[in-house]
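The values are calculated or read from the model by the stated rules, or taken from the named source; none is laboratory data. This structure is a prediction, so every number in the text was calculated from the model and none was measured. Heads up, the Cβs are rebuilt from the backbone with ideal geometry, glycines too, and the neighbour counts pull from every protein chain shown. Note: areas computed on protein heavy atoms with side chains; ligands, DNA, RNA excluded. Shrake-Rupley method; radii C 1.70, N 1.55, O 1.52, S 1.80 Å.
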Amino acid sequence: MTDQYTLADPTTMYADIETTAQQQPGSGLDAELDNRADLGETTYRGSGRLAGRKALITGGDSGIGGATAIAFAREGADVAISYLPEEQRDADHIAGLIEEAGRKAVLLPGDLEDRDYVTQLVTDAHEQLGGLDILVSNGGKQQFTEELTDLSDEQFDATFRTNVDALFWITKAALPLLAPGASIIATSSIQAYQPSPTLLDYASTKAALNTYAKGLAEQLAPQGIRVNVVAPGPIWTPLQTAGGQPPEALPEFGEDTGLGRPGQPAELAPAYVFLASQESSYVVGSTLHVNGGMPTP
Ligand code: NAD
Ligand code: MG
């Protein structure tokens, strides 16, 4: 594959990338994946679709957010990324690729569970980028728990703070800084529609943020600010190897999709580019499903 436009059979793409029963500490690193994910590093080809835009992406160090950061930069945007301090290595890799594309990279590490950090993040991104047109709320926490009785109050709260409260805080802080034409994109999940029995807290947050984004889209449309959602299916990223799934489930990860394989972060980035760019000017309050063929309502 030379770029994302190369014609190929989607069932056999990425046949060389196996998902392995790996377990990483903390939030996990792309750099430590046994079998590296494809973030489009060697393939994503830009064509000026986001020329001169300023974007903030949470969880922009790795996985889907990392692939989106690379794509945005190659489409001509300056990009600020948020991530946990322990992910500095992945963040440096993405920053290098943003700069290689000739764009500005702004690194803003911190904890999305911390309201003060999230508020400051938006201010810092706006200031250091010299504006803000695109906000991608993508950072997320996913920890599997087999039994409800083992799901701690602490984990339940932390999953909601990271996946829902942070979206509330970040949109509230960004709103006064956004002008007509701005685009807000949240990352939901197939879990909002087909919850796994082991992901009760996570699946609930993904439904909540999906609904939040649709309501916010209605509220902000008259101001010319569009809000949309991307709902990925099973994608090979560090999150899955860092407690997102039981490790023994990883070798078969994604095989129950129509295409019979997990997706790669590189396959998500074009959805975010579309929703961020003016091409999607009449797309408001939508959820774009990128899930390899898993029916949704
Ligand atoms: P990932 O591990 O590469 O990205 C998740 C990012 O979230 C991390 O890089 C981290 O920077 C950030 N994050 C988590 N907790 C944080 C905290 N407390 N403070 C700051 N940052 C924090 O994995 P990914 O799969 O690319 O995840 C990106 C988004 O996609 C998440 O919202 C996830 O729920 C969603 N998603 C993933 C899949 C999948 O199969 N991988 C499927 C559907 C939805
Ligand atoms: Mg990461």
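Over the alpha-carbon set of the stretch 169-297, divide Rg by the Kirkwood Rh and report the Rg/Rh ratio to two decimals. Can you show the working numbers first?
Details: Rg = 15.6 Å, Rh = 15.6 Å.
Result for the stretch 169-297 is an Rg/Rh of 1.00.
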Just to be sure I understand the rule: take each whole DSSP H helix in the chain, project its Cα atoms onto its long axis, keep it if the span is 15 Å or more and its mean Kyte-Doolittle hydropathy is at least -1.0. Which ones pass? 63-74, 88-100, 115-129, 200-220
Kirkwood Rh in Å, taken over the chain so that all alpha-carbon pairs contribute: 18.9
With springs connecting C-alpha atoms under 10 Å apart, model the chain as a Gaussian network and identify which of A276, A266, A174 has the largest mean-square fluctuation. A174
Given the -39500 (n - 2.57) contribution per DSSP H run of 4+ residues, what per-residue ellipticity at 222 nm results for the chain, rounded to the nearest 500 deg cm²/dmol? -9000 deg cm²/dmol
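Report, for the chain, the % of DSSP beta bridges that are antiparallel, rounded to 5.
Values: 0 of 27 bridges.
Looking only at bridges with both residues in the chain, the antiparallel portion is about 0 percent.
If you count, for each residue, the other Cβ atoms within 10 Å and average over each peptide, how do 21-29, 197-205 line up from highest to lowest?
On the way: 21-29: 16.6, 197-205: 20.0.
Packing order, densest peptide first, comes out as 197-205, 21-29.
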Can you send over the solvent-accessible area of M1, 1.4 Å probe, protein chains only, in Å² to the nearest 10? 110
With labels modelled as points extended 7 Å from the Cα through the Cβ direction, what inter-label distance (nm, one decimal) is found for R115 paired with S196? 3.2
Isotropically averaged projected area of the stretch 118-181, using the convex hull of Cα atoms (one quarter of hull area), nm²: 5.2
What residues of the stretch 202-229 lie in the reach of a label at T149, counting those whose backbone N is under 17 Å from a point 7 Å from the Cα along Cα→Cβ? none
Largest first, please: the extent of the C-alpha atoms of the stretch 43-117 along each principal axis, to the nearest Å. 36, 21, 18
At a 10 angstrom cut-off on C-beta neighbours, averaged per residue, how do the peptides 282-291, 126-135 rank from highest to lowest? 126-135, 282-291
